[in-house]
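What follows is one structure encoded as structure tokens, with my remarks underneath.
The values are calculated or read from the model by the stated rules, or taken from the named source; none is laboratory data. All of these numbers come straight from a predicted model, not from anything done at the bench. Methodologically, a virtual Cβ is constructed for each residue, glycine included, from the backbone with ideal geometry; neighbour enumeration extends over all protein chains shown. Each accessible area value is taken on the protein alone, full model and side chains, heavy atoms only, with ligands, DNA and RNA left out. Shrake-Rupley method; radii C 1.70, N 1.55, O 1.52, S 1.80 Å.
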Amino acid sequence: MTDPAVAQPWPLAAGNPGLQVRRQVGGWVLPAVDLVALVLLIPVAGANWLLDAGYALAAFAGLAAQGQHRLRICLRVSDQLPQLAVAAAAPLVVLLPWLPGGAVLLTGASAFAGLAVARGGLYAVLRGGYRRGILGEPTLIVGSDRVAAEIAEMAAEHPEFGLRPRLLERPGELAEVVAAQRITRVLVCGDGPDLVTAIRAARPLPADVCVVPRLHELGMALPRAGLDEIWGVPLIPLRRFGHGRAGELVKRGTDVVLSGLMLLVFGPLLLVLTALVALGGRDRAFFRQFRVTRAGRISEVIKLRTIDGDLGQTWAVTADQCTALGHWLRGTHLDELPQLINVLRGDMSLVGPRPERPYYAVRFGREIPRYADRHRVRGGMTGWAQVQGLHGDTSIPDRARFDNQYIEYWSPWWDAVIVARTAGIVLRAGLRRAHRSGK
């Protein structure tokens, strides 16, 4: 059960225009204010509208890349000035060939000043609305220790933060309460064996989640603009890009484009290998096996056949069970090439946790803490655990740890790094085997 105060809906949780405005501010009003400031307050001397628009969009993208479109609890512009300066200055390099130096400096200074003034004005309006009770948002404070009680008291005593706090002592109900009571802020205090899994279950919901550091009295080596704060207590916001719809669309679009290109490039090699496997006397060139992927769904994964017969529930394939060609294919990982079709179809991703057979997925989910959390995303042809050498008969808890780390910190750049490292591993394996066969 939840705290009795949480079990009842907030009086303003539905139908109140003030709370609706507050949610919209977190979603699009802050980015809209930035964009208006950039478009209207950049006097690019002697430039055309195309340069103006290009600079404004580049600066806007710089703010988004730095996570500066998240609306903070502590509305203090001074903490964000270095990031505003970076966003305003970085795109100026593009203007240098087209404008004199003075005009370029004026452009950057105007953009920086416009952003700072616009945000300062917006924050002043918000603080006024908070103090008068016109604006605010239901906030869940997760924890039962002294710090949780202090945070709840601070939020109640300082209306300028715009929080309407309630305590939730049992984290297992976090996702249910967030969805049912339309929570927009979650502040996590303390720790526990089930807390990580509970927070992960609630991540897809539209709530901003911050964690109170265990030793919050000590200074952390993080930029101030990356932190939040409530009355002198630092808060660490959890990443949202990789856990929302936008990140999912970016990843899926990348998978479709790259898997299609790779099928075009490696298609001839795949045809040759398929023919060689078929000529080896086996009835089918492809080996199909059911694997557990995202949200526990079952997908049929395709590989080039490297063994005769069916291994059933056998955990790992040994060298003596492989054909000569199969041994080479497994050593170079080229038996995985047909899975590009799975990626194009949407059954898998290029990068992600390696999908496991249903029997072992259920077993490991029971025996290994947070193993099932790796099923939050599609399984991948390669992954962060695999480039660490964790494949075959290696530690399953270690794989789960690396897989969950990848999911939490996912970015397109990290995918590119993993794909590049995988290509290097495959190339080195092929060269080693070629060298051995040449002796």
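Odds and ends about this structure:
- Across the stretch 100-116, rounded Karplus estimates of 3J(HN,Hα) from the backbone phi angles (6.51 cos²θ - 1.76 cosθ + 1.60, θ = phi - 60°) give x, x, x, 5, 5, 4, 5, 4, x, 5, 5, 5, 4, 5, x, 5, 5 Hz, Gly and Pro being marked x.
- Sequence of 347, 34, 145 when ordered by accessible area, the most exposed leading, probe 1.4 angstrom: 145, 347, 34
- Cα-Cα P(r), the stretch 245-437, percent of pairs per 10 Å interval: 9, 36, 39, 16, 1
- Of all accessible heavy-atom area on the stretch 212-257, the percent that carbon and sulfur account for (1.4 Å): 66 percent
- Accessible surface for residue 196 stands near 50 Å², nearest 10, in the context of the full protein assembly shown (1.4 Å probe).
- Degrees separating the helix 396-408 axis from the principal Cα axis of the chain, which is the longest one: 40 degrees
- Area of residue 243 that stays accessible when all protein chains are in place (1.4 Å probe, Å², to 10): 30 Å²
- Checking every one of the trypsin sites (Lys or Arg not before Pro) in the stretch 239-291 against DSSP loop status and a limit of 13 other Cβ atoms within 10 Å picks out 284.
- Once the 1.4 Å probe is applied to the protein heavy atoms, the chain comes out at 50 Å² accessible per residue.
- A 1.4 Å probe over all protein chains sorts 348, 220, 381 by accessible area into 220, 381, 348, starting with the largest.
- Antiparallel DSSP beta bridges within the chain, as percent of all bridges there, nearest 5: 45 percent
- Counting heavy atoms of the protein chains alone, residue 378 has an accessible area of about 50 Å² for a 1.4 Å probe.
- Largest accessible area first, the listed residues 287, 241 line up as 241, 287 when surface is computed with a 1.4 Å probe on the assembled protein chains.
- Calculated on the Cα set of the stretch 333-439, radius of gyration then Dmax: 14.7, 48 Å.
- Straightening the chain between residue 76 and residue 28 buys 15.4 nm, computed as 0.36 nm per residue apart minus the Cα-Cα spacing.
- Label selected from (i) -0.28, -1.10; (ii) -0.21, -0.92; (iii) -0.36, -1.08, the criterion being log10 I(q)/I(0) by the Debye sum over Cα atoms at q = 0.06, 0.12 Å⁻¹ as computed here: (iii)
- Only the Cβ atoms of Lys and Arg (+1) and of Asp and Glu (-1) were treated as charged; on that basis the dipole of the stretch 94-174 about its Cα centre amounts to roughly 320 debye.
- The C-alpha atoms of the chain define a longest principal axis, and helix 245-279 lies at about 10 degrees to it.
- Label-to-label distance for residue 300 and residue 39 is 5.1 nm, based on points extended 7 Å past Cα in the beta-carbon direction.
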